[in-house]
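The values are calculated or read from the model by the stated rules, or taken from the named source; none is laboratory data. Note that the coordinates shown come from a computational prediction; the quantities given were computed from them, not determined experimentally. Every residue, glycine among them, receives a Cβ derived from its backbone with ideal geometry; neighbour counts consider all protein chains shown. The protein model used for the area step is the full one, side chains on, heavy atoms only, and it has no ligands, DNA or RNA in it. Shrake-Rupley method; radii C 1.70, N 1.55, O 1.52, S 1.80 Å.
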Amino acid sequence: MRWLAFARRNAREILRDPLTLAFGVGFPVVLILLLTLIQRNIPVSLFELDQLTPGVVVFGYSFLALFAALLISKDRSTSFLLRLFSTPMTAADFILGYLLPMVPMAAAQCLFTYLVAAILGLPLTVHALAAGALSLLTAVMFISLGLLLGTVLNDKQVGGVCGALLTNLSAWLSGTWFSLALVGGWFEKIAFVLPFANGVELGRAALAGQYGSLTPYLWWCLGYAVVLTVAAVLVFHSRMRVK
Amino acid sequence: MNAIEIQGLRKCYGSLTAVDDLNLTIGQGEFFALLGVNGAGKTTTIKMLSCLTLPTAGDARLLGRSICTEAEQVKRVIAVSPQETAIAPNLSVTENLEFLAGIHGLSKEAAKARTAVMLETLGLQPVAKQRAKTLSGGWQRRLSIALALVSQPEILFLDEPTLGLDVLARRELWRVIEALKGKVTVILTTHYLEEAEALADRIGVMAAGRLKAVGTVAELLAMTGGKNLEDAFLILAEGGAAQ
């Protein structure tokens, strides 16, 4: 259970960084508050809560990728990981130890977002619970992507790639802020090959209780989560012993 | 059985040969110091022996296990205190020790018991609850060594453990390291000749990736005709007597 000891350490690192916690949980909440306020003052239906909430949850997860990438790249920049590399820990122990403590953070982020949405008028049904639970699959995908990037990039590069590029990709290609069908063509096709829009649509379908239409979004999200987690383990393994 | 048997170990980075044809045997319980100027190959040697980097050629057996083919078994019997202080900065001293004990597979209770022993042995009780990042350089180095010892390794690598410390902190750490003599096989790399002279049973001098000489201080003086260890070291480092 080496991964568990490592996960405990990482959980402490996350919990002892109040800025990360506050931003991670607070940002989606502020976002949903602001956009709902805008919706109330415009005549067209642009940011309805049943469409907006799953989108904001997924967009919020893109910051988890940044936090995960920073955690791992900061460790890599010190001798701390070097010490751990000389212990019997495996790459899977490392990635699991980084990944697992971030899942409760994702769950808290999702919970707060749905609670605020409920206060603003979203009916809190069992479907919302299902949407929240399924969104954790997208969270794992984002965290693993962050771990993968944090394994190959240094902490300065991580800021640019995860902080700017990934959040922008997630914003533009998720269909949270505008309907992808409105743009259509290759843009929509690309969006649905990437995980962001699939994650949002998965949440929207679950929230609407349309469980029959969860696929193919579910498979895309599950596929990305598995592939990125395995890739993170393999790349981390290759970094553990320099040839 | 010898603790370490090195045969024809070589490490090349592109056209640069960092360590060349290293042959060396270190007995169990021996305190061995590796001396050399910057770039002599000391740290690369430690990295190869602690399974952090693969040799380009040759092999070494640590307590009978090959660093090339049995890295996982080697990692179970060694510990490394890297050149830079390798600690988890946001964890307290106690948490750091419990964490490393957990990484080495100790149960929660066993980790707590072992941590108590380490706090006592290394005199870390006054700072036990203090976060590692708030400790002075001397305390951090002491914690770094404690972290290496918490798993009760049979072979301990100390890579320049007193680098950058003031005289008082260095002497204090010497006392800690000296207490390990005979109990653990220690391989110490250092720039400080007086450190090697005070602590080591035998000394190896490396220059330009090659092991120039091995012996006790008296043997090195006899070999080189130097008046003291500094003389002997300079003669060897500048290309005098060979192994």
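Table for the structure above
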quantity	calculated
Set A:Thr36, A:Thr20: member being part of a helix (DSSP H, G or I), over 30 Å from B:Leu49 (Cα atoms), open to solvent by less than 50 Å² (accessible area, probe 1.4 Å) and within 13 Å of chain B (Cβ to nearest Cβ)	A:Thr20
Matching residues, the stretch A:60-93, being β-branched (Val, Ile, Thr) and more than 24 Å from the chain's Cα centre (by Cα)	A:Thr78, A:Thr87, A:Thr90
Residue match in the stretch A:226-237 (condition: more than 14 Å from chain B (Cβ to nearest Cβ), open to solvent by 60 Å² or more (accessible area, probe 1.4 Å), within 30 Å of B:Ile46 (Cβ to Cβ) and not in a helix (DSSP H, G or I))	no
In the stretch A:73-108, residue most open to solvent (accessible area, probe 1.4 Å) [restricted to those that are among the charged types (D, E, K, R) and under 16 Å from A:Leu148 (Cβ atoms)]	A:Lys74
Test for B:Leu163: is it within 23 Å of the chain's Cα centre (by Cα) and either surrounded by fewer than 19 Cβ atoms within 10 Å (Cβ to Cβ) or at pLDDT below 90 (or both)	yes
Failed criterion for A:Val58 (all others in (1) of a type in the set (A, V, I, L, M, F, W, C); (2) out of contact with any Ser or Thr (no Cβ under 6 Å at 6 or more places or on another chain); (3) away from chain B (no Cβ under 14 Å) hold)	(2)
B:Ile46 being touching a residue at least 12 places away in the same chain (Cβ under 8 Å), in contact with a helix residue (DSSP H, G or I) (Cβ under 7 Å, 6 or more places away or on another chain) and either more than 8 Å from chain A (Cβ to nearest Cβ) or aliphatic (A, V, I, L, M) (or both)	no
Subset of the stretch A:180-225 [under 16 Å from the mean Cα position of the chain (by Cα) and loosely packed, with under 14 Cβ neighbours inside 10 Å]	none
Criterion: away from chain A (no Cβ under 14 Å) and open to solvent by less than 20 Å² (accessible area, probe 1.4 Å) - qualifying residue of B:Val93, B:Val127	B:Val127
Number of positions in the stretch B:181-234 that are within 20 Å of B:Gln28 (Cβ to Cβ), of a type in the set (Ser, Thr, Tyr) and in contact with a helix residue (DSSP H, G or I) (Cβ under 6 Å, 6 or more places away or on another chain)	1
When residues of the stretch A:1-14 are limited to those that are of a type in the set (A, V, I, L, M, F, W, C) and at the interface with chain B (Cβ under 9 Å from one of its Cβ atoms), the one most open to solvent (accessible area, probe 1.4 Å)	A:Met1
Subset of the stretch B:130-140 that is within 12 Å of chain A (Cβ to nearest Cβ) and part of a helix (DSSP H, G or I) - its residue that is most open to solvent (accessible area, probe 1.4 Å)	B:Lys133
Hits in the stretch B:25-43 - residues which are more than 11 Å from the chain's Cα centre (by Cα), crowded, with 23+ Cβ neighbours inside 10 Å and under 13 Å from B:Glu160 (Cβ atoms)	B:Leu35, B:Gly36, B:Ala40
Close pairs from the stretch A:20-41: first in contact (Cβ under 8 Å) with a residue 24 or more places away in the chain, partner not in a helix (DSSP H, G or I), Cβ under 7 Å, at least 6 apart	A:Thr36/A:Phe47
Check on A:Ala171, within 23 Å of A:Phe47 (Cα to Cα) and touching a Ser or Thr at 6+ places or on another chain (Cβ under 6 Å)	no
